[in-house]
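A.B. asks: Shown below is the structure under consideration.
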Amino acid sequence: MSVKPTMDEIAADVDDLLRTKFEYSTTTSVPYDNDPGLSYEGGKTKWGKIIDTCVLYVDIRGSVNLNKDYPQVTISRLYTAFVKSVIKAGRLHGGHTRNIIGDRVMIVFDTKDCYTNAVSCAVSINHIADKVINEKFKGLYFKCGIGIDYGTMKVIKVGVPRRGNANAANRGLVWAGKPANMASRLTDLGNKTITETYYDVTIKPYTQFGSRSLWDYVNLDPYPAGLSRPAPNSFGSPGSMQPEYLDGKTVSMSEAEFLRKIKMDKGQLYSDKDFVVHFEKKTRNSTYPPILITERVLTGFKAEGLRSDLYKAGYWRDEFTVKDVDSRVFGQHFTWNL
């Protein structure tokens, strides 16, 4: 079989896409596969949709170990039961299931009351995992992680239309936007304990006397707070610039930050221009609850005012730091009191 005809066809497809104009219409309802407002390309304007809403992801925890430790028939029943339950929970709270990849499910909500619906859906899913699945599957400790964010999503139709049974597998919707990325990132950490390497670094912060030399500062009164007055003749010639260091302080750096910032020059360690006095490598454990939401979601949830029982003072903990998430993160382990 010759590869060239297919490669030529693909190259022509890419050329067509580069010439195609993309247009988006705004919607408050979650688009679906056969939405008339969405189109394929092909020498015509490609139409997509924009929606401002909440995106929820849920993922099973420890799926690798589950597959290793339990019979395949048990895992098949477990996955079927959980995904089916998640889809029903989504429907219950006005959500639309728009992606299922393995044991990860994506649910998108219509704009109206999306914060309340998304958070309520998360509570229902966590209830299913904690109170239903774990009670029905005896001897199996089942957990899931749930993440929610809010923002603008662009939706386009992609794939290759085909006839017959293969049609659905070769086409679908792409949900492009920060909310999906943020929600997915939160899902990765929900219901997990993460061991993180970090460094406590003691530095003497660097400062410099602006455009003056140290000679200009020998008799300065009052003298800048935190700096030691240089003694005459204890440094270079008049007019020379000399660095000065403030009193030492200790800062914490992630492993990536430490590797990026700490440099050696002539046998001395520096953090940027700061003088490194001492550093110590440490580890810490961070335990995340099953439901994680961004501050955007919590703020909108409170503003809707539809479920005050889920945002009483102190209900949502906010001590969570999540890499690559541009928001404060709040978490909780809610289930329904039925």
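A.B. asks: Whole-Hz Karplus ³J(HN,Hα) for region 297-311, in order, using 6.51 cos²θ - 1.76 cosθ + 1.60 and θ = phi - 60°, x for Gly and Pro?
C.D. replies: Those phi angles translate into 5, 4, 4, x, 4, 5, 5, 5, x, 9, 9, 5, 5, 9, 9 Hz.
A.B. asks: Another one. Mind listing P(r) for region 15-54? All alpha-carbon pairs, 10 Å bins, whole percents.
C.D. replies: Percent of Cα pairs in each bin: 31, 46, 22, 2.
A.B. asks: Continuing with the same structure: Which whole number of Å³ per residue matches the convex hull of the alpha-carbon atoms in region 270-338?
C.D. replies: 147
A.B. asks: Further question: Once you charge only the Cβ atoms, +1 for Lys and Arg and -1 for Asp and Glu, what is the size of the charge dipole of region 259-335 about its Cα centre, to the nearest 20 debye?
C.D. replies: 260
A.B. asks: Using only the alpha-carbon atoms of region 247-295, report the extent along each of the three principal axes, biggest first, to the nearest angstrom.
C.D. replies: 49, 21, 19
A.B. asks: Per residue, how many Å² of accessible area does region 1-94 show with a 1.4 Å probe?
C.D. replies: For region 1-94, the solvent-accessible area averages 62 Å² per residue.
A.B. asks: Follow-up question, since we're still on this one. May I ask you to list the lysines whose Cα is less than 27 Å away from that of K249, ignoring any residue fewer than eight positions away on the same chain?
C.D. replies: K204, K261, K263, K266, K273, K281, K282, K323
A.B. asks: Among I87, N34, F142, which residue has its Cα furthest toward the positive end of the charge dipole of region 4-158, with +1 on Lys/Arg Cβ and -1 on Asp/Glu Cβ?
C.D. replies: It is F142.
A.B. asks: Residue by residue through region 105-118, which ³J(HN,Hα) values in whole Hz follow from phi under the Karplus form 6.51 cos²θ - 1.76 cosθ + 1.60 (θ = phi - 60°), with glycine and proline marked x?
C.D. replies: Each residue's phi maps through the Karplus curve to give 10, 10, 10, 10, 10, 4, 4, 4, 6, 5, 5, 5, 5, 5 Hz.
A.B. asks: Take peptides 122-135, 190-203 and line them up by average Cβ neighbours within 10 Å, highest first, as a rough protection proxy.
C.D. replies: Top of the packing list down: 122-135, 190-203.
A.B. asks: Calculate one ³J(HN,Hα) per residue across region 269-284 by plugging θ = phi - 60° into the Karplus curve 6.51 cos²θ - 1.76 cosθ + 1.60, and present them in order as whole Hz with x for glycine and proline.
C.D. replies: 8, 10, 10, 6, 9, 6, 7, 8, 8, 6, 9, 9, 7, 9, 10, 9
A.B. asks: Let me know the volume per residue of the alpha-carbon convex hull for region 32-154, in Å³.
C.D. replies: In region 32-154, the Cα convex hull volume per residue is 123 Å³.
The values are calculated or read from the model by the stated rules, or taken from the named source; none is laboratory data. Computed from a predicted model, the values in this text were never measured in an experiment. Backbone-built Cβ (ideal geometry, glycine too); neighbour counts: all protein chains shown. Side chains are part of the model used for accessible areas, which takes the heavy atoms of the whole protein and leaves out ligands, DNA and RNA. Shrake-Rupley method; radii C 1.70, N 1.55, O 1.52, S 1.80 Å.
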